[in-house]
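The next block holds one structure in the form of structure tokens; read it before the comments.
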Amino acid sequence: MATCNSTTHEPPRPGAASPHQQFAMLDMIIPGFSVFSSAAHAYAGIDLNLYLPMVLMICGTIWSWSYLYNYGRGIVEKHLMSTVRIHTDDEIFNMLMAWVAKQRFASKSRRFIVNTNVNSRAWMMWRFHWNEDDEDDEEESSGSVGVEKKKQKKLQYTPSYGTHIFWFRGQPLLFERSENREQMGSLMVSEKEEINISCFGRNPVILKELLMEARELHLAKDESKTVIYRGAATGMEDPQWRRCMARSTRPFSTVILNEKVKKQLIDDVTDYLKPATRRWYANRGIPYRRGYLLYGPPGTGKSSLSLALAGFFNMPIYILSLSSPMATEENVSSLFSSLPRRCVVLLEDIDSAGLTHTREDGTVEAIPAPAPVAAGPTVAVKGAAPAAPVSRLSLSGLLNVLDGVASQEGRVLIMTTNHLEKLDKALIRPGRVDLTVEFGRSDAGMTASIFRAIYTPYDNEVSPSVGTGPAAEKQGTGDSGSERTSTSERIDELAREFASRVPELEFSPAEIQGLLLRYKHDPLAALDATESWIEQTRKERAEKEIREAEERRKEEEKRKKEEGEKRKKEEKEKRKAKRKAKKSKKQKKADEEDGSATDKSGVSDSESDGEIEKDKEEEKTEETTKGATATSTSDSGYGTP
Ligand SMILES: Nc1ncnc2c1ncn2[C@@H]1O[C@H](COP(=O)(O)OP(=O)(O)OP(=O)(O)O)[C@@H](O)[C@H]1O
């Protein structure tokens, strides 16, 4: 207290700032400092002015250190380090994060992020990954004895935002993760992240090795899988191929089809993919392309065969449905130009509207632009302008895409349709379609094969109960080999029995598979249910046909009505235009005669007026007649007593 008093009453030295001036300056730097300082002095007897230089010095040192650190770090990073930057909207992000999640430094990190799916959270990438059913993402949690082990989503740990040091091949590297939440338009938030990986030294080779390792790990994961991409466009960005899943490769043998046709297809593709064939095509100036057309009713195996083919040749498959609203001329063309060199392209529903017109027709239909598909919840924007119509894919547009300049050479093109008869000859001419495969409804052989495929047990499976029969008597001998053989023989018997009960060429393989899947572990129950299933399916089919016929009739009626209205409108417009022309002619004539109306002109005026009146009368009469016709039609439609 004494010290305080002595300092307060000391007269200010000449040239030195008075305490009031000091407070005013400090208040500018630290707002409210004078109040705080007076309170500290009054209640705790502490004169903050004495500590102030020390506090300022510490602050200054911290600030200078941080400035020098950042400056020094910037210089070191720029001149003595190499850095790779990875953005969320590239597939390498997913590859790298999957690799990082497997590293020790990620699992040991004290600040970490946990995910069940480490794929990019940028909404446009994320929405195509969220349902990816990669089996590797699952782990088994051991249950108690006798209880089946549960499959659960694996938890994956990756280092949190900030900088983390880790070792790779004996070298220290820096993993830097930063967050950048961005508003995408007015509706959704994209979680954008950025990853920087840096190494010491000016040679970035170690970073490239790391990225290659991440990529190889990713490819190894897909080794026995068929990677499926789908064409997608959100309306906000360019259309892109999105990886939608990696499925276990479907063995070719599981697709039931004439063995000769299957062999022919495999041989053809094998020959096409040989490097020598590419040279052969190049030497002769023939475009190196191969197209296949698979046609037949729905559920007969067209897509299954395409997937099996892609898996057999270890190629990714790019699927695009031409009946989807996003299949516009621009989108399809852009998607085709971004296809990789070696892949299978599956164009589904090539009989969709627009493509069934002939090339000479050149019809281009206008359809509304596809609505953007959002990952998260979206808010409808009231009063938003309707999307501009976009041009639907026309036949000539598709032909241009298939063999125009932008088309990729070296891909295997598969087109599927349910209606071969609707296709234009130009679309399926040799050069565009080199092999056509027909898929049909199930005959006895196919039905039996489907039955066998469903019930024949694999090595790691429990045999289904197959009841008694000549072959089943061999069961229970204790010899697992002969038991397995007897089960197969019994299933064969049942398959033939089943095939004899299902009428040939009436049901698609998908329908038959649907029945058998209801009794996955009980072939006898499936056999028993066959009769009632046939009846039920026939009934449902008949009902569906009636419904469809009714819908077609309604559509036809609507179309006719619309056409009639359109015609009426056109006629009205024509008459209006005619009247306008006559009126302007009359006006012109009157102007020419410069207002000096003679008896003659009066006659001609009344003549024109008469004509216009006549037109109007005609119009009225026509409308009345139409109304009367409509009334009489409706009368006759419902009948009068
Ligand atoms: N020939 C077949 N061999 C094996 N399975 C088949 C066969 N046909 C159909 N299936 C089964 O039926 C289901 C549907 O088949 P798929 O999708 O391949 O038919 P699709 O002909 O492509 O039908 P759509 O014309 O409607 O696209 C699949 O689960 C598939 O396993």
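Data for the structure
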| item | result |
| --- | --- |
| Inter-probe distance in nm under a simple model that places probes 7 Å from Cα toward Cβ, at E557 and K260 | 5.0 nm |
| Amide H contacts under 5 Å for T328, placed H, 5+ residues apart | none |
| Simple label model, 7 Å out from Cα along Cβ direction - E550 to R284, nm | 5.7 nm |
| Zone residues, region 274-309, relative to L420, backbone N less than 16 Å from point 7 Å out along Cα-to-Cβ | 292-303 |
| I319 long-range amide H proximity, modeled H, under 5 Å | Y229, R230, G231, L346 |
| Pair F112, I29: separation of 7 Å Cα→Cβ label points (nm) | 4.5 nm |
| Region 226-309 - convex hull of the alpha-carbon atoms, volume per residue in Å³ | 159 Å³ |
| Rounded FRET efficiency, nearest 0.05, which uses the C-beta distance separating E617 from K566 and R0 of 41 Å | 0.95 |
| Burial ordering of S107, S306, fewest other beta-carbon atoms within 10 Å first | S107, S306 |
| Kirkwood Rh, Cα atoms: Rg over Rh of region 486-557 | 1.16 |
| Derived scalar couplings ³J(HN,Hα) [region 542-550; Karplus, 6.51 cos²θ - 1.76 cosθ + 1.60; whole Hz; x for Gly, Pro] | 4, 4, 5, 4, 4, 4, 5, 4, 4 |
| Sequence-distant residues sharing a close amide H with M245 (under 5 Å, placed H) | I228 |
| Estimated FRET transfer efficiency when R0 is 60 angstrom, pair A525-V76 (beta carbons, to 0.05) | 0.25 |
| Calculated FRET efficiency for the pair R202/N460, C-beta based, R₀ 41 Å, to 0.05 | 0.15 |
| Between region 220-297 and region 303-352, the alpha-carbon center distance in angstrom | 9 Å |
| Segment K582-S178, extension gain: residue separation times 0.36 nm, minus the distance between their alpha carbons | 138.0 nm |
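Every read-out reported here was derived from the displayed coordinates using simple, explicitly stated rules and does not represent laboratory data. These figures come from a predicted structure and were not determined experimentally. Positions of Cβ are generated from backbone atoms using ideal geometry, with glycine treated the same way; all protein chains shown enter the neighbour counts.
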